[in-house]
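Structure first, commentary second.
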Protein chains: 2
Amino acid sequence: MSNFGFPHLRVVNPFEQSWREARSAVGAAPVLADAEEFNSVAESVADCTLVVGTTASRDRELQHALKTPAEASAPIHEALGVGRVAILFGSEKRGLSNDDLSHCHWLLRIPTRAEHGSMNLGQAVAVCLYELARERDNPLAQTTLPPRAAAAELERITAILAESLIASGYTEPGAAAATEEKVRRLVRRLDLSATDAELVLGMMRKILWKLRHAGRSAGL
Amino acid sequence: MSNFGFPHLRVVNPFEQSWREARSAVGAAPVLADAEEFNSVAESVADCTLVVGTTASRDRELQHALKTPAEASAPIHEALGVGRVAILFGSEKRGLSNDDLSHCHWLLRIPTRAEHGSMNLGQAVAVCLYELARERDNPLAQTTLPPRAAAAELERITAILAESLIASGYTEPGAAAATEEKVRRLVRRLDLSATDAELVLGMMRKILWKLRHAGRSAGL
């Protein structure tokens, strides 16, 4: 809840001892400290204009419309524009009772494998709230790729790599032009950022220098 | 993992006692029973063509592209069309180390409140896998890229390039480990296809051989 910015926790008839001893995750203390306790589902959702139940069952509750979190997101956001919305989770073991469900406008079910439908409560809450936060203005959506290397830089890498391949004996005699073209295509496919291009150029320059220098030494 | 249909759990150097005593959620026993244990991140991802790291940090790893789960879904599904994909999670307390991150092609971050970025591990896994299952019938998933290189192949290129940089004098004395990490990250950013990886490996092998051979000749 704290991760995704949902500060209002309400609990209905919690098991006293567990509730008193409950510890929040690091950073989430305010959610637990500000939690409100109620004696019935009816009281806990009294000020809400939309009450969404959650279920692991595919077909038990045919009286209710069943939405995936993705389908639920738009109507929940709409409702949040005009009032409060409750998302109701049952206990880990038994889920929501028929009486609990009778307070719900519709139900939300996380699509899971048919063979393993029941989810851990904390994980189910995380998935539902993630989905609701997913469509909020997302600062990460503005993430941009680092600037790409200019063609001139790629051509410098191409030339030095081609020369290194000749100096190392990789390039067959007479195949210099064909190898250079192969290298040119390869270097473009790498889609280097400007920073990486500079890094690669520095490495390849040193390697070529050594190949030539060592060659000359050996030749003496 | 079991809820969303991801059966393959791999663990790297688990804390022995906790691991032996680990109990799965009801219905998820096969995931735990079939889990594979590895001694290093490199071994655990050796057969994967895409390795996605996870982080709670917004800005620590600027060397890596950072995607939301929603943005990550299409490229992960594309990669699944041609090979295996690893999603790497760190320990609950410390997350992934810089060395762990150096094995990753890019990073995934779940958008959370700035004030509470760090998530419970199980909840983070649930959110990521929910998102991947959410788009399963996504038409984008059918786009095909040439098969990417497996991590073991990238690690071979990393090793040979790192050795070449030492042999050429590029690597400062005492900086071999730092340079190798830099090279490992660079090689992952190149996003090589399997074919290009083979090509690069052939070139780098010949260059390294020459660097060493020439060095020895010069020394005689």
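Is it the case, given these coordinates, that B:Val31 is of a type in the set (A, V, I, L, M, F, W, C) and out of contact with any helix residue (DSSP H, G or I) (no Cβ under 7 Å at 6 or more places or on another chain)? Yes.
Condition first: open to solvent by 90 Å² or more (accessible area, probe 1.4 Å) and touching a residue at least 24 places away in the same chain (Cβ under 8 Å). Now tell me which residues in the stretch B:19-42 satisfy that.
At the first step, the residues of the stretch B:19-42 found to be open to solvent by 90 Å² or more (accessible area, probe 1.4 Å) are B:20-21, B:23, B:26, B:34, B:37, B:39.
If the condition is that a residue be open to solvent by 90 Å² or more (accessible area, probe 1.4 Å) and touching a residue at least 24 places away in the same chain (Cβ under 8 Å), then B:Asp34, B:Glu37, B:Asn39 are the ones that fit.
Residues are listed down the side, and each one gets a yes or a no for (1) within 21 Å of A:Asp99 (Cβ to Cβ); (2) aliphatic (A, V, I, L, M); (3) modelled with pLDDT of 90 or more:
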{"position": "A:Met1", "(1), (2), (3)": "no, yes, yes"}
{"position": "A:Phe15", "(1), (2), (3)": "yes, no, no"}
{"position": "A:Ala28", "(1), (2), (3)": "no, yes, no"}
{"position": "A:Ser44", "(1), (2), (3)": "yes, no, yes"}
{"position": "A:Leu50", "(1), (2), (3)": "yes, yes, no"}
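Kindly indicate whether any position in the stretch A:148-165 is at the interface with chain B (Cβ under 7 Å from one of its Cβ atoms), assigned to a helix (DSSP H, G or I), over 30 Å from B:Ser24 (Cβ atoms) and modelled with pLDDT of 90 or more.
If we filter the stretch A:148-165 for residues that are at the interface with chain B (Cβ under 7 Å from one of its Cβ atoms), which is where we start, we get A:164-165.
Right, trim to assigned to a helix (DSSP H, G or I) and you get A:164-165.
Among the residues that remain, those that are also over 30 Å from B:Ser24 (Cβ atoms) are: A:164-165.
Now drop any that are not modelled with pLDDT of 90 or more, which leaves A:164-165.
Yes, there is a match, as at least one residue in the stretch A:148-165 is at the interface with chain B (Cβ under 7 Å from one of its Cβ atoms), assigned to a helix (DSSP H, G or I), over 30 Å from B:Ser24 (Cβ atoms) and modelled with pLDDT of 90 or more.
List the residue pairs whose Cβ atoms are under 6 Å apart, where the first residue sits in the stretch B:71-98 and is within 22 Å of B:Ala35 (Cα to Cα), the second is open to solvent by 50 Å² or more (accessible area, probe 1.4 Å), and the two are 6 or more positions apart or on different chains. Filtered contacts from the stretch B:71-98: B:Gly83/B:Pro147; B:Arg84/B:Asp47; B:Glu92/B:Leu121.
Looking at A:Leu211, A:Leu201, just one residue is open to solvent by less than 60 Å² (accessible area, probe 1.4 Å) and modelled with pLDDT of 95 or more, and that residue is A:Leu201.
Sort out which residues of the stretch B:191-206 are of a type in the set (A, V, I, L, M), free of Cβ contacts under 8 Å to residues at least 60 places away in the same chain and assigned to a helix (DSSP H, G or I), and write them in order of number. Reasoning before the result, please.
Of the residues in the stretch B:191-206, the ones of a type in the set (A, V, I, L, M) are B:192, B:194, B:197, B:199-201, B:203-204.
Those still in the list that are free of Cβ contacts under 8 Å to residues at least 60 places away in the same chain too: B:192, B:197, B:199-201, B:203-204.
Passing the criteria: B:Ala197, B:Leu199, B:Val200, B:Leu201, B:Met203, B:Met204.
I need the full set of residues from the stretch A:145-166 which are basic (Lys, Arg), more than 22 Å from B:Lys206 (Cα to Cα) and out of contact with any Ser or Thr (no Cβ under 8 Å at 6 or more places or on another chain), in order please. It would help to see each step written out before you state the result.
Initially, the stretch A:145-166 is screened for residues basic (Lys, Arg), giving A:148, A:156.
Right, trim to more than 22 Å from B:Lys206 (Cα to Cα) and you get A:148.
Result: no residue meets the conditions.
Which one of these is of a type in the set (A, V, I, L, M) and within 21 Å of B:Leu211 (Cβ to Cβ): A:Ala159, A:Ala149? Show your work before the answer.
Numbers: A:Ala149 fails: within 21 Å of B:Leu211 (Cβ to Cβ).
Only one candidate passes the filter, namely A:Ala159.
If we keep just the residues of the stretch B:176-208 that are of a type in the set (D, E, K, R) and facing chain A (nearest Cβ under 8 Å), which is nearest to B:Ala79 (Cα to Cα)? Please lay out each step first, then the result.
Going residue by residue through the stretch B:176-208, those that are of a type in the set (D, E, K, R) are B:180-182, B:184-185, B:188-189, B:191, B:196, B:198, B:205-206.
Among the residues that remain, those that are also facing chain A (nearest Cβ under 8 Å) are: B:182, B:189, B:191, B:196, B:206.
On the way: B:Lys182: 24, B:Arg189: 15, B:Asp191: 11, B:Asp196: 16, B:Lys206: 30 Å.
Looking at the filtered set, the residue picked out is B:Asp191.
Checked against the criterion of being surrounded by fewer than 20 Cβ atoms within 10 Å (Cβ to Cβ) and at the interface with chain A (Cβ under 10 Å from one of its Cβ atoms), the candidates B:Gly90, B:Gly95, B:Gly117, B:Gly81 yield just one match: B:Gly117.
The values are calculated or read from the model by the stated rules, or taken from the named source; none is laboratory data. What you see is a predicted model, and the numbers here were worked out from it, not measured in a lab. When we count neighbours, we look across all protein chains shown, and the Cβ atoms used for this are built from the backbone with ideal geometry, even at glycine. Quick note on the areas: whole protein, heavy atoms, side chains included, nothing else; ligands and nucleic acids left out. Shrake-Rupley method; radii C 1.70, N 1.55, O 1.52, S 1.80 Å.
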